[in-house]
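Reviewing the structure listed below.
The values are calculated or read from the model by the stated rules, or taken from the named source; none is laboratory data. None of these values were measured; they are calculated from a predicted model. All Cβ positions, glycine included, derive from the backbone under ideal geometry; neighbour counts span all protein chains shown.
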Amino acid sequence: MDYLLEIGVEELPARLADQVIDQLQKSGEKLLQENRIGFAGISVYTTPRRMTFYVQGIAEVQEDLLEEVKGPPKRVAFDESGQPTKAAQGFARSQNVPLESLIVRSTPAGEYVFAEKRIKGQPTAQVLSELIPQLISSLSFTRPMRWGSGDFRFIRPIRWLVSLLDDKIVDFEISGLHPGCYTYGLRNYSKEPIEVHSPEEYFQKLKDASVILNQEERKEKIWELVREEAARAGGIIQPDDELLNEVTHLVESPTPICGGFDPRLLKLPPEVVITPMKEHQRYFPVWDEEGNLMPLFIACANGPVNKEMVRQGNEKVLRARLHDAEFFFHEDIKTPLEEKVNKLEKVVHMEGLGTIYDKVKRLVALSGYLADLLGLTEHQKEAAERAAYLSKADLVTDMVFEFPELQGIMGGYYARISKENKDVFRAIRDHYMPRFSGDKVPASKPGAVLAIADKIDNLTGCFALGLEPTGSQDPFALRRQALGICHIVINHEFDFSLEELIAKAYENLSGMELAYSFDQVRDKMMDFFKARLRYLFLEEGYAYDTVEAALGPSFDNIILVHKRLEALTAVRSKPEFEFLLTAYTRASHLARQAEGDEVNPALLVEKGELELYDAWARIKKDVVRFLDKGKYREALLHGSELAGPLDRFFDQVMVMVEDIPLRRNRLALLKDIAETLGQMGDLEKIVRNG
């Protein structure tokens, strides 16, 4: 048996389609499993006007439920001769089970009588009629709509429902609607309902109506069609997953249309031309083989259309937007970028954190601080501070006011036109990077320094105001910004204390009305960064225990954490390291009982401890030298040489002897070893093989 649910809606927002798919998939699976309805698989599809939930191989009836009900204690239920008492008889009667079927089980509270009840499964159709309204109501959205006179809310008004278990309608009611056996084809082209009597017929009739229901098939088709259309015009389409995904959820039956615009507009910065195309009109820009933008675009219409009429309409809309952009650009460059900075004094940054101009002053201070801390040249420091001063000036330009997506990018162009040096305009252009997952980090050191300064100021300010992310809510994109700092630090191998940077950022907020003290902000932010680092490393494929080990000693210096992680990953598969882990764990546990730090060679009497002391004296020098240079892999490899001496020490030497001086000396030796090796990572967190 197969079950099909179709929810017909008014235009489904493309940006929420993936969220709908994910929720329907997970919630549907959970509901069926919780209600003991077996199935072979679940598929979820969306188009602009429908959500389809398809269950293959669904069971005809629920599985029976075997339920145990706890009754009275055994001593109450049975007398001394083992005969059931009135308590047992009453319990069996209340549970509607034979008296002889009662069983005795041991529990933490003693022996109790239990009744086993088998609840027979109901027909799937009957259960689904109750579950499907729950499934639909469980879908949550940030801005649900209410329509008609009812109180039911959904992502968009529901206009029809199809609910078929093979060829039978599974009835239910939601928002005054009952399901039927009628669906609809393309909007504006198939106004008559399409009658379907089974899931198989549903899929075939939608296909006959030119609806590509499967979003993955639709995506592949769109990509194929737009590339073919561009090739006919002598151009190519560059991969753009975000744009392709959005267009996929805007159409049910893609029809590519090639349009053009005045080549004169190609004199504008490419981003100025591309942004209205992609962000506002969802057109695909067309490029030549050399990577130059062509005065062409590919739009995707929905269904059969008058291509010439649609092309003219699309060109007209884009022409107006590009002419506006051209006007804004020429107006903006009439004055140097520096002259726009003072206007930032009238722009509020965030309530409690002053104006954008206040933020600019903080960025200049933080950029200079980081430049000194990281040993940048005087020229690089000057470039970072100058870029910081100009970094937000484009926020008061006409171009960025109209196209906010271009902030930073336009600042870089305007700085270049204003004759700022290349390190300055590149740093301004790049300081919002990485803007999204997988984006590049700033290539130059001044740009990287400014990007860190901007992000740590945002993070510290928000945490100081109590605006840290909660659950899935992150309105200020603080998780992305913290990850951005981690990526930049690792990419550039910047060596500095995160805690000290937070302290500097908080110090720069003096005079602001903050909700939390520095200690509170620091502790929250350090935990926040630890979680971001853990997420980053796990996403990159590192083993969970290795990540925990690398984070263990300290995560204050991000680049050192990363070096520890790489080193532990590289050596953990080596046999000698496996032996070291076993011995180290014993040493670490015993070292916690150490009362002192000093090892007296005169008190070393056993062969095993003399060997360990000599080996450690030799190995420690190299280990410490490599640790000081941040060469964790080499330190771990040299430390692994201690595995044999440590193992023999534990075989031959009793540590916790009654002789107090001997015991203290042996514990001090183990403490020195554990503390030194522990700088390479919390080795006890690593799961040993076998």
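Cβ-Cβ below 9 Å, separation at least six or inter-chain, first residue in the stretch 85-97 and free of Cβ contacts under 8 Å to residues at least 24 places away in the same chain, second surrounded by fewer than 16 Cβ atoms within 10 Å (Cβ to Cβ) and assigned to a helix (DSSP H, G or I): which pairs?
T85/V76; A87/V76; Q89/L99; A92/L99; A92/E100; A92/S101; R93/L99
Being among the hydrophobic types (A, V, I, L, M, F, W, C), farther than 30 Å from V396 by Cβ and surrounded by 15 or more Cβ atoms within 10 Å (Cβ to Cβ) is the filter here; which residues of the stretch 306-342 pass it?
Step one: of the stretch 306-342, the residues among the hydrophobic types (A, V, I, L, M, F, W, C) are 309-310, 317-318, 320, 322, 325, 327-329, 333, 337, 341.
Right, trim to farther than 30 Å from V396 by Cβ and you get 309-310.
If the condition is that a residue be among the hydrophobic types (A, V, I, L, M, F, W, C), farther than 30 Å from V396 by Cβ and surrounded by 15 or more Cβ atoms within 10 Å (Cβ to Cβ), then V310 is the only one that fits.
Of the conditions (1) within 30 Å of F626 (Cα to Cα); (2) surrounded by 16 or more Cβ atoms within 10 Å (Cβ to Cβ), Y535 clears all except one; give me its number.
Unmet condition: (2).
Quick test for you: out of E192, E130, pick the one residue that is assigned by TED's automatic domain parsing to the domain that holds L32, over 41 Å from the mean Cα position of the chain (by Cα) and not in a strand (DSSP E or B). Before the answer, list the steps.
Numbers: E130 fails: over 41 Å from the mean Cα position of the chain (by Cα).
It is E192.
Taking the conditions exactly as written (free of Cβ contacts under 8 Å to residues at least 12 places away in the same chain and of a type in the set (F, W, Y)), does Y535 satisfy them or not?
Considered against the rule, which asks whether it is free of Cβ contacts under 8 Å to residues at least 12 places away in the same chain and of a type in the set (F, W, Y), Y535 comes out as no.
Take the residues in the stretch 50-84 that are touching a Leu at 6+ places or on another chain (Cβ under 7 Å) and touching a residue at least 60 places away in the same chain (Cβ under 8 Å), then tell me which one is nearest to I132 (Cα to Cα).
Among those residues, the one meeting the criterion is F53.
Return the residue satisfying two criteria in turn: it lies in the stretch 133-157 and is among the aliphatic types (A, V, I, L, M) and in a loop (DSSP other than H, G, I, E, B), and of such residues it is surrounded by the fewest Cβ atoms within 10 Å (Cβ to Cβ).
This residue is L139.
One residue is enough: does the stretch 21-40 have a residue meeting the conditions among the hydroxyl-bearing types (S, T, Y), touching a His at 6+ places or on another chain (Cβ under 9 Å) and within 30 Å of Y182 (Cα to Cα)?
No.
Does R362 satisfy the criteria of being of a type in the set (D, E, K, R) and assigned by TED's automatic domain parsing to the domain that holds D423? Spell out how you get there, then give the answer.
Working: of a type in the set (D, E, K, R): yes; assigned by TED's automatic domain parsing to the domain that holds D423: yes.
Considered against the rule, which asks whether it is of a type in the set (D, E, K, R) and assigned by TED's automatic domain parsing to the domain that holds D423, R362 comes out as yes.
Please go through the stretch 92-108 and pick out each residue that is in a strand (DSSP E or B) and in contact with an Asp or Glu (Cβ under 8 Å, 6 or more places away or on another chain).
Of everything in the stretch 92-108, those that are in a strand (DSSP E or B) and in contact with an Asp or Glu (Cβ under 8 Å, 6 or more places away or on another chain) turn out to be I103, V104, R105.
Is there a residue in the stretch 617-637 that is part of a helix (DSSP H, G or I), among the aliphatic types (A, V, I, L, M) and more than 30 Å from E493 (Cα to Cα)?
yes
Can you tell me which residue in the stretch 50-91 is surrounded by the fewest Cβ atoms within 10 Å (Cβ to Cβ), limited to those that are part of a loop (DSSP other than H, G, I, E, B) and in contact with a Lys or Arg (Cβ under 6 Å, 6 or more places away or on another chain)?
Here is the first cut: in the stretch 50-91, the ones part of a loop (DSSP other than H, G, I, E, B) are 57-60, 62-64, 79-83, 85.
Cutting the leftovers down to in contact with a Lys or Arg (Cβ under 6 Å, 6 or more places away or on another chain) gives us 62-64.
Working: Q62: 19, E63: 13, D64: 11.
By that ranking, first place goes to D64.
If a residue has to be within 13 Å of V251 (Cα to Cα) and touching a Phe, Trp or Tyr at 6+ places or on another chain (Cβ under 7 Å) to count, how many in the stretch 210-231 make the cut?
Summing the residues that are within 13 Å of V251 (Cα to Cα) and touching a Phe, Trp or Tyr at 6+ places or on another chain (Cβ under 7 Å) in the stretch 210-231 gives 3.
(1) in a strand (DSSP E or B); (2) touching a residue at least 40 places away in the same chain (Cβ under 8 Å); (3) within 22 Å of T142 (Cα to Cα): which one isn't true of V44, the others all being true?
For V44, the failing item is (2).
So, G608, is that one modelled with pLDDT under 90 and either small (G, A, S) or assigned by TED's automatic domain parsing to the domain that holds D495 (or both) or not?
Answer is no for this residue.
Consider E405 carefully, then state whether it is in a helix (DSSP H, G or I), at pLDDT below 95 and either of a type in the set (D, E) or in contact with a Phe, Trp or Tyr (Cβ under 6 Å, 6 or more places away or on another chain) (or both). Walk me through it before giving the result.
On the way: in a helix (DSSP H, G or I): yes; at pLDDT below 95: yes; either of a type in the set (D, E) or in contact with a Phe, Trp or Tyr (Cβ under 6 Å, 6 or more places away or on another chain) (or both): yes.
The answer is yes for E405.
Going by the structure shown, is I274 assigned by TED's automatic domain parsing to the domain that holds N314, more than 28 Å from the chain's Cα centre (by Cα) and at pLDDT 95 or above?
Considered against the rule, which asks whether it is assigned by TED's automatic domain parsing to the domain that holds N314, more than 28 Å from the chain's Cα centre (by Cα) and at pLDDT 95 or above, I274 comes out as no.
Identify, by number, the condition in (1) within 22 Å of A515 (Cβ to Cβ); (2) in contact with a Pro (Cβ under 8 Å, 6 or more places away or on another chain); (3) of a type in the set (S, T, N, Q) that Q473 doesn't meet.
Every condition holds for Q473 apart from (2).
Is one or more of the residues making up the stretch 477-491 of a type outside the set (F, W, Y) and loosely packed, with under 15 Cβ neighbours inside 10 Å?
No, that holds for no residue.
Residue pairs, Cβ under 9 Å, 6 or more apart or interchain, first in the stretch 371-383 and in the same structural domain as D430 (by TED's automatic domain parsing), second crowded, with 17+ Cβ neighbours inside 10 Å and among the hydroxyl-bearing types (S, T, Y). List them.
Q380/S444; K381/S367; A383/S444
Take the stretch 342-357 and flag every residue that is without any contact (Cβ under 8 Å) to a residue 12 or more places away in the chain and in a helix (DSSP H, G or I).
Selection gives K346 alone.
Among the hydrophobic types (A, V, I, L, M, F, W, C), buried (at least 20 other Cβ atoms within 10 Å of the Cβ) and at pLDDT 95 or above - does that describe any residue in the stretch 516-525?
Checked against the condition, which is being among the hydrophobic types (A, V, I, L, M, F, W, C), buried (at least 20 other Cβ atoms within 10 Å of the Cβ) and at pLDDT 95 or above, the stretch 516-525 yields at least one hit.
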